[in-house]
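Here the structure is laid out as structure tokens; the discussion comes afterwards.
The values are calculated or read from the model by the stated rules, or taken from the named source; none is laboratory data. Predicted, not measured: the structure shown is a model, and the values here were computed from it. Every residue, glycine among them, receives a Cβ derived from its backbone with ideal geometry; neighbour counts consider all protein chains shown. Just the protein is used for accessible areas: all its heavy atoms, side chains included, with ligands, DNA and RNA removed. Shrake-Rupley method; radii C 1.70, N 1.55, O 1.52, S 1.80 Å.
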Amino acid sequence: MSNAKVKAYAQALFAIAQAEGAADAISNELYAVARAYESSDELRNVLGDATIPSERRLQVVEQLIGTRANRATVQIVSMIVASGQVRELPAVFDEVIALSSAGNNQDLAEVRSAIALTDDQQTRLAAALSKATGKTVNLKVVVDPSVIGGLVATVGDKVIDDTVRTRLDNLKTRI
Amino acid sequence: MMAHVISLLAVEDPTQTHSWILPETAEIIYGGLATVIVVSALVKFAGPMIKKSFSARTEKIQKELDDAAAAKVTAESDAQNIRKALGDVAGERARILAEADAQASAVLAEGRTRMTAEIAELEAKAEAEISAARGRGSDELRNEISVLASRATPIVVAATLNDQIHKDLVENFISKVGAGR
């Protein structure tokens, strides 16, 4: 799917979220779904397998988020899965959260951490990132064990990387 | 005449002769005449035949002698040819043997030279391969160690990171970013 198509999808989905009157909540849930899809091989295999009947794949979506997410979120995810565009799910949903952030005059700040951050840490981190970038940020923390330790923050085109993984990679390159 | 002779014999007694050893005169005369006639006839008629027979026999014998001499000459010539051929065969055999010896020596020398060159080439090739394998082995070992180290390091580091270290890393990040990094 082209970048323009991804943006078009995202704008349509964001319009639905706005129409539901819960744009921020739905965007956050879609973001969480996108991260879950990225981190789970099993979920990717099931949702992306065209040989599995779409009814069965929609049942999986329903079982995963049916009771925990907004009804609109479940319907959006089901629509993406049913349309056979599930591979583009992370890109589309990332664009949705970016639109949501822009709507609140915020920049999306995605932070990857090896461990879950406390609310206090998230608040202080959001403030620090806002100070560093000069923009109000919509902080999204993704727990990613592959970073080993430390954090990496992406705000727009800016990347602030202070992870153990990157330090080890730099060390390996130097060696 | 025969009738007269028979009449004479008939009138005389054959048992009564004038000599116990000599025949009668007429008998001598007639006997002598008959002998002359018979001998003359023999000389006239049988003589040439006998003479011819002897001449033919002589010629035949002479011819056989000549043939034998010619055969002897031929045999001697053949014997000489055979002896010469034998000599040639012996010479040819010696020549072939000498030629074979020379060829064998040349082949042996060439083979020895070629084998020496091939052995030298193989030795050089083996040396080069051993050297390359040694270098390759070192490189492979170094790469393997590097790969293993790069795989092991994150695992080891991750295992050594406890909650406090994780917390310190997060706090350190927030501080650095907040300080206007």
Solvent-accessible area per residue for segment B:48-172 (1.4 angstrom probe, square angstrom): 83 Å²
Zone of B:A70's modelled label, taken as backbone nitrogen in segment B:40-62 under 20 Å from a point 7 Å along Cα→Cβ: B:56-62
Nearest-ten-degree value, helix B:163-178 long axis tilted from longest Cα axis of chain B: 70 degrees
Computed [θ] at 222 nm, helices only, for chain B once each DSSP H run of length n ≥ 4 contributes -39500 (n - 2.57): -32000 deg cm²/dmol
Accessible surface of segment B:73-181 [probe 1.4 Å, protein heavy atoms]: carbon and sulfur percent: 60 percent
Calculated FRET efficiency for the pair B:E140/A:R68, C-beta based, R₀ 41 Å, to 0.05: 0.20
Relative packing of peptides B:57-70, A:152-165, A:73-86 - highest average C-beta neighbours within 10 Å first: A:73-86, A:152-165, B:57-70
Degrees, to the nearest 10: A:54-65 long Cα axis against longest axis of chain A: 50 degrees
Normalised contact order of chain A, rounded percent, pairs of Cα under 8 Å and 6 or more residues apart: 21 percent
Other protein chain Cβ atoms within 10 Å, averaged over every residue that makes up A:129-136: 2
Heavy atoms of B:S146 accessible to a 1.4 Å probe, total area in Å² rounded to 10: 60 Å²
For segment A:3-101: rounded, prolate or oblate by the Cα gyration tensor [a/c cutoff 1.5]: prolate
Within chain A, helix-based [θ] at 222 nm, where runs of 4 or more DSSP H residues each add -39,500 (n - 2.57), nearest 500: -19500 deg cm²/dmol
Segment A:1-62 and segment B:122-153: distance between their alpha carbon centers, rounded to Å: 50 Å
Charge dipole magnitude, Cβ of K and R +1, D and E -1 - segment A:3-101, Cα centre, debye nearest 20: 140 debye
Percent carbon-and-sulfur accessible area, segment A:3-101, ignoring ligands, DNA and RNA, probe 1.4 Å: 51 percent
Spatially proximal aspartates and glutamates relative to B:K51 (Cα-Cα < 20 Å; intrachain offsets below 8 disregarded): B:E59, B:E64
Which listed pairs, of B:K60/B:K84; A:K131/A:K172; A:K140/B:K176; A:K172/B:K167; A:K7/A:K158, have C-alpha distances above 23 Å, in listed order: B:K60/B:K84; A:K131/A:K172; A:K172/B:K167
